[in-house]
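Reading through the structure tokens given below for one structure.
The values are calculated or read from the model by the stated rules, or taken from the named source; none is laboratory data. Please read all numbers here as calculations on a predicted model, not as lab measurements. Neighbour counts are summed over all protein chains in view; Cβ atoms, including those assigned to glycine, are modelled from backbone coordinates with ideal geometry.
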Amino acid sequence: MWLLIELVLQHILLIGSAVGNPRTAKCAVITRFIDNEAEFLFVPKNQIEPVAKETGAIPFDAPGVELGHHEARCSFESILLKYDLKDAGLLRMAKIVHAADVAEDIDTDPIARGLEAIASGYSLRFPDDMENLEHQFEVYDALYAWCRMDVALGLKS
């Protein structure tokens, strides 16, 4: 039996298959800031609801789910809101991820097109979802470090 994320560390999160732009960012923030033992289950989008019901997994970054796109938020921002993550570096990162994730907002952050290109490149190099996650997490760790520095430098001026 799988338990909800708020109750225990061991759980499964459900996401549509084909990790890409910038879907891995959501997996990274969950693993790094919410549950370092999170397990991710990748299924086709048309199987998300039945698999979530069967396993008790928490779906995210899919249409109609709590941790998806809502109003003007992307899934990354929905995750930060749900889990009350207010770290300034994460909030800066959320602006980049939002711009890379929402096509009409791609030019609202100068880093977004680069992130989109990197995420797409990783998807081409590592088409297996789990292998892609393993390799891309370093990118998001580095981006978060840069975001923390960007915020710190911005506060000084």
Positions within the stretch 42-63 being within 19 Å of residue 82 (Cβ to Cβ) and crowded, with 18+ Cβ neighbours inside 10 Å, in sequence order: 48, 52, 57, 58, 59, 60, 61, 62
Selection status of residue 24, polar (S, T, N, Q), part of a helix (DSSP H, G or I), under 15 Å from the mean Cα position of the chain (by Cα) and modelled with pLDDT under 90: yes
Subset of the stretch 103-131 [farther than 20 Å from residue 144 by Cβ and not in a helix (DSSP H, G or I)]: 126, 127, 128
Options 141, 101; residue that is acidic (Asp, Glu), closer than 27 Å to residue 43 by Cα and at pLDDT 95 or above: 141
Residue match in the stretch 83-97 (condition: acidic (Asp, Glu), part of a helix (DSSP H, G or I) and at pLDDT 95 or above): no
